[in-house]
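Taken together, the values in this text are just the output of simple stated rules run on the coordinates, not laboratory data. Remember, it's a predicted structure, so these values are computed and weren't measured experimentally. Note: ideal-geometry Cβ built from the backbone for every residue, glycine included; neighbour counts use all protein chains shown.
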Amino acid sequence: MAQGKERRLKEKLELRDFKLNALLQVTQAINSETSEAELMAQYVGSLKENLGIDRLVLYAADLDGQRWSLLVSEGTDSAWPASRPASFFESLDLDGIGLAGALDADQHPSDVVVPIHQHDEAIAVVLAGDTSDSRGVSPVVKHLNFLVTLTNILVVARRNRQMNRRNLEQEALRRELELAGEMQAMLLPERWDHIDLDVAGHYQPHTEVGGDCYDAFVTESNETVICMADVSGKGMSAALLMSNFQAQVRALFRAHTGTLTDTLHVLNRRVMDIARGEKYITFFVAKLNAEGDRLDYVNCGHNPPLFLHPGGRHELLGLGSVGLGMFRDIPSVEEGQVQVKAGSVLCCYTDGLVEQEDAAEAPFGTERLATLLQGHEGQSLEDVHQEIVDALEAFRGDTPRLDDTAMLSCRFR
């Protein structure tokens with residue numbers, strides 16, 4: 001009898017050592033970046049070869065929570081789906097151990113379904129059983145704590161790997177967007193020494209990159225072009241389209257000797273070729289004649305710029321056409337004209353400024369903008385812009401920004 005007790009004690013010690021060693025080996029494999037397939041093979045081997053648990057099916061929730069993936073299918077004849085919607089498992093009772101029939105597959109009297117939890121949330125479920133006909137306590141029941149511990153380690157490690165991978169991808173994307181934002185900022189003019197006007201620009205993207213731009217330059221015929229554009233949509237695609245559009249605008253208006261309407265028809269077709277009808281661009285363009293006393297303009301669906309005359313009167317420059325890229329051919333174009341005098345101010349802006357709402361959902365509005373633009377003789381346009389930005393921030397309070405915010409102002413001499 002003493003020998004029997006000694007033998008049973010030795011078996012218990014060997015089993016304990018095996019389990020500790022199995023947990024150690026799995027932990028080492030995880031730390032050494034062993035592949036998921038190799039980890040699962042090690043998992044099956046530990047349970048099947050050494051503990052007699054030879055029927056194993058393991059599903060684990062993907063990180064996004066939408067689907068559960070099949071990680072292990074061993075010792076069963078069923079064709080288990082490679083993944084299942086999360087709703088399937090949500091319909092099961094995963095608060096405790098249950099019978100295998102709920103998984104709708106081939107069953108065995110010894111099969112049980114063991115849920116694996118993390119922070120009170122089911123993150124995996126393992127069907128476990130054995131096919132032996134020997135009487136006695138089932139291996140699953142006998143080694144249940146070890147089964148749960150080993151499965152938990154593997155499933156949590158898998159989720160951690162997914163989280164690390166996602167974090168790395170998000171960081172890479174964040175850095176790409178940051179670099180794209182820096183490159184986009186470089187495309188916006190900062191100096192206006194080449195133009196015989198007082199000019200200032202302001203740009204605050206809604207995200208790292210946006211779809212607004214502005215420009216002012218002199219053509220070969222000594223006319224000054226002033227323009228602002230806003231691409232539909234957000235993000236990288238809008239920014240890439242805008243950078244291409246900005247280059248097209250400079251090339252066409254610098255070299256083209258026709259009317260604004262003629263140039264816009266060409267520009268519209270190029271936008272259609274690039275965007276393929278998936279995006280459009282609202283665009284305002286004005287051309288100051290060489291004498292500096294007349295401003296011809298076309299507004300292609302953009303927010304009407306404010307033109308302030310000396311003495312305080314202001315008007316909105318809204319004549320024009322539909323946005324660029326909406327139609328293969330622009331249906332009609334109506335050019336506008338403004339007489340310019342010294343001290344007149346043109347302020348172009350995007351919808352992120354005037355359509356920004358406060359807590360009561362009231363918009364900032366053009367009238368508020370017009371009031372802020374008046375009475376600044378002798379003050380730099382940069383300072384005027386800063387006052388407008390400060391007023392906008394105070395107005396919106398804790399309300400999130402609606403969109404990119406851009407302004408381009410010109411004071412005529």
Subject >> Within the chain, longest stretch free of exposed GluC sites (Glu not before Pro) [DSSP loop, at most 12 other beta carbons within 10 Å] >> reply: 50-189
Original post:
How much length is gained on full extension from Thr399 to Ser237, taking 0.36 nm per residue of separation minus their Cα-Cα distance?
Top reply: 55.7 nm
Original post:
Given the C-alpha centroids of region 355-404 and region 284-303, what is the distance between them in whole angstrom?
Top reply: 24
Original post:
In degrees between 0 and 90, to the nearest 10, how far off the longest principal axis of the chain does helix 381-396 point, with axes built from Cα atoms?
Top reply: 50
Subject >> Fewest-first sequence of Tyr280, Tyr203, Tyr349 by Cβ atoms within 10 Å of each Cβ >> reply: Tyr203, Tyr280, Tyr349
**OP:** Quickly work out the Leu168-to-Phe327 label distance, labels modelled 7 Å from Cα along the C-beta direction, and quote it in nm with one decimal.
**Re:** 5.2
Original post:
Assuming R0 = 41 Å, what is the FRET efficiency of Gln28 and Ala362, from their Cβ-Cβ distance, to the nearest 0.05?
Top reply: 0.10
Original post:
(1) 117, 42, 38; (2) 69, 52, 45; (3) 72, 66, 45: which one is Cα extents along the principal axes in Å as calculated from this entry?
Top reply: (1)
**OP:** Could you please rank His143, His314, placing first whichever residue has the fewest other Cβ atoms within 10 Å of its Cβ?
**Re:** His314, His143
